[in-house]
Every structure is written in structure tokens, then in C-alpha cells.
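Participant: Once you've had a glance at the structure underneath, I'll fire off some questions.
Quick note: the coordinates plus some simple rules give every number you see, no bench work behind them. Bear in mind that the values here come from a model prediction, so they are computed numbers and not experimental data. Because the Cβ atoms are built from the backbone with ideal geometry, glycine has one as well, and the counts that use them run over all protein chains shown.
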Ligand code: GLU
């Protein structure tokens, strides 16, 4: 067979592998199924629920209590961070653990948290119109976003990086992107940085990073850019086909998004994060999720209780 055709076929197989990995994970335990690399439900920590906790000054908390459950916005296609099992509908990952830790801190039982998937571009609107009580999904804290929403945290420090096909040796950093197509999510800080700081690159935007990765595997784009945390997860799914290259070239402090006017909730979540970092829950959560991508737990960044304004 023609070499180019063989290479294309190989990549198509990789796309399929990527797409059905989650389904295969659901079949784990059956003979011949591949090893599952994601977080294992039985190894996830349990968080002590703050019984009798009250936060009456927070309209978001009051509304959730009256409703009987919290609604938390997350991602569903980011391995080790926020991933939804298509078979069971269950969400797993470091961001999901942070969300659960915080719901326990706020006095909600594990069964009273509903996760809903919200893409990067829709986060501010979802928080503004009350669609979610808070949001945990690789959400970078910055001044522009602080004009629209509030942020507890940061609870993790990521950095922008690049994902390329394993056989690509030409792209090793953002300086190599001139004339190259680079895919990212609409409404994300990595996309904005490429547009602003690397004007010779050719940005392509989709709603989610998993669509970008499909496009990378099928040769439609030359690279995918976003946080290192997210890209390492995709590379781990098809390590023969994809690799993360170069050092990170930004700081992406992850925060918990809250409605902008609800400073009481924001500061309560800051307290909750600090307590979880102190009592070991944060590290346990990291080790059981994001830590599986191969990096030992770092020190979490200091919490920033910025003044209301
Ligand atoms: N952390 C970046 C951001 O908040 C990229 C990841 C994402 O889109 O969620 O825009």
C-alpha cells in the first residue's frame, strides 16, 4: 500500500481508538479489554460532609439548599480532569474531586451534587444566569473574567503547552507555529494568547479540545494548544500518536468560578480549599486523578482572597 495511505489509515485507527477508549473502559474486567488508565472509582477519596453547615448570606447557597442539591458546571472530555463515562454518565477527574470536596465543605451530601457540562466559551453566561451554582473546569483566573464572575482559589497552577503528532519534529514551541494551523477551544485563554502573541500562526477554534484532537489525528491541523494538564491527558490516551512538546509558556491559575456578586460563596470556597489542602484531601484527590498522568503532586498555589469590587 502507498505509504501516505498507510499513514492515514493508521491515524484513522488512532481517532477511533481515541473515541472508543471511554467505551472500552466501561467494559473493563472483560477478557481482552485494555488496561484502564483513568481514575478508578474505588480509589477516589471520600470527603467528610460538614454537617449543619450554614451560609445564609450566600444567595447561591440558599437557593441550592432550598432546591435540595447543588448544580456544578464541569468539563466532560478532559482526561484526568473532568471526564464523563458515556456508559454510566459518571464524571471523574481532579476538577470533579475539587467540586465534590467543596460540596462536602458546604454541607451537601455526595448524592446531592448534579454535574452539568459547560464548554469554555459558555462559562461566564452559565454563572451569570444561574444555570450553575459554581464551576470547576480548568478555569483560568484573570482580570478580564473577574469583571464577569468571581473566582475562589487558585487550587492548581497549569501552563499553556502544545500537542502535536508523534512523528512531528518541526514544532517544539509556540515560536514554530508561523504558517501552521493550531487548534484550541473558543473562549479560552490559550486561543487568545495565540491570536495576540503569535500572529503568524493560523488559529482554528472549536467548542471542545477533543474535537481539536480528532482534527490533529486526521491531519486537519498541525497542533493543539491549551493547558499542559489537558494535553497530557490526551497524549496518554494514544501515546504512539501524540506528544506534548516544549516548556509551558503561560501561567494558568485554576479557580472555582462563582456568580460575581456572591462574595460570601467565593470566600467560603477559599476557606474550603485551604482546609482541604491542610487536611490532605487535596493531595489525595490529585494522586487519584491528575497524578495518574505521571507528575507528582506539586504544592498548591496560595489562595488569593481578593477584595470585592
Ligand atoms: N485554562 C484555560 C482557560 O480557562 C484553558 C482551558 C479551558 O478552556 O478550560 O481558558
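Participant: For the chain, restrict the atom set to alpha-carbon positions and state the Rg and Dmax in Å.
Facilitator: In Å, with Rg to one decimal and Dmax whole: 19.7, 69.
Participant: OK, next. Please give the length that would be gained between residue 240 and residue 306 if that part of the chain were fully extended, namely 0.36 nm times their separation in residues minus their C-alpha to C-alpha distance (nm, one decimal).
Facilitator: Extra length available between residue 240 and residue 306 comes to 19.4 nm.
Participant: Let me ask something else about it. Taking the Cα-to-Cβ direction at residue 90 and at residue 169 and moving 7 Å from each Cα, how far apart do the two end points lie in nm?
Facilitator: Going by the 7 Å Cα→Cβ label model, 4.4 nm.
Participant: To the nearest 10 degrees, how steep is helix 3-26 against the longest Cα principal axis of the chain, on a 0 to 90 scale?
Facilitator: 30 degrees
Participant: Taking 0.36 nm per intervening residue step and subtracting the Cα-Cα distance, what contour gain separates residue 279 from residue 48 on full extension?
Facilitator: That works out to 82.1 nm of additional length.
Participant: Label-point separation (nm) for residue 261 and residue 116, each offset 7 Å from Cα along Cα-to-Cβ?
Facilitator: Computed distance between label sites residue 261 and residue 116 equals 1.9 nm.
Participant: While we're looking at this one, here's another question. Provide 228, 176 in ascending order of the number of other Cβ atoms located within 10 Å of each residue's Cβ, fewest first.
Facilitator: Fewest-to-most Cβ neighbours within 10 Å comes out as 176, 228.
Participant: Continuing with this model, one more query. Using a Förster radius of 51 Å, what is the FRET efficiency between residue 219 and residue 143 based on their Cβ-Cβ separation? Nearest 0.05, please.
Facilitator: Step by step, r from the Cβ atoms, then E = 0.85.
Participant: Give the relative contact order (percent, whole number) for the chain; include only Cα pairs under 8 Å separated by 6+ residues.
Facilitator: Normalised by residue count, the contact order of the chain is 25 percent.
Participant: Now for a different question. At 7 Å along Cα-to-Cβ for each site, give me the label-to-label distance between residue 128 and residue 295 in nm.
Facilitator: Those two pseudo-labels are separated by 3.2 nm.
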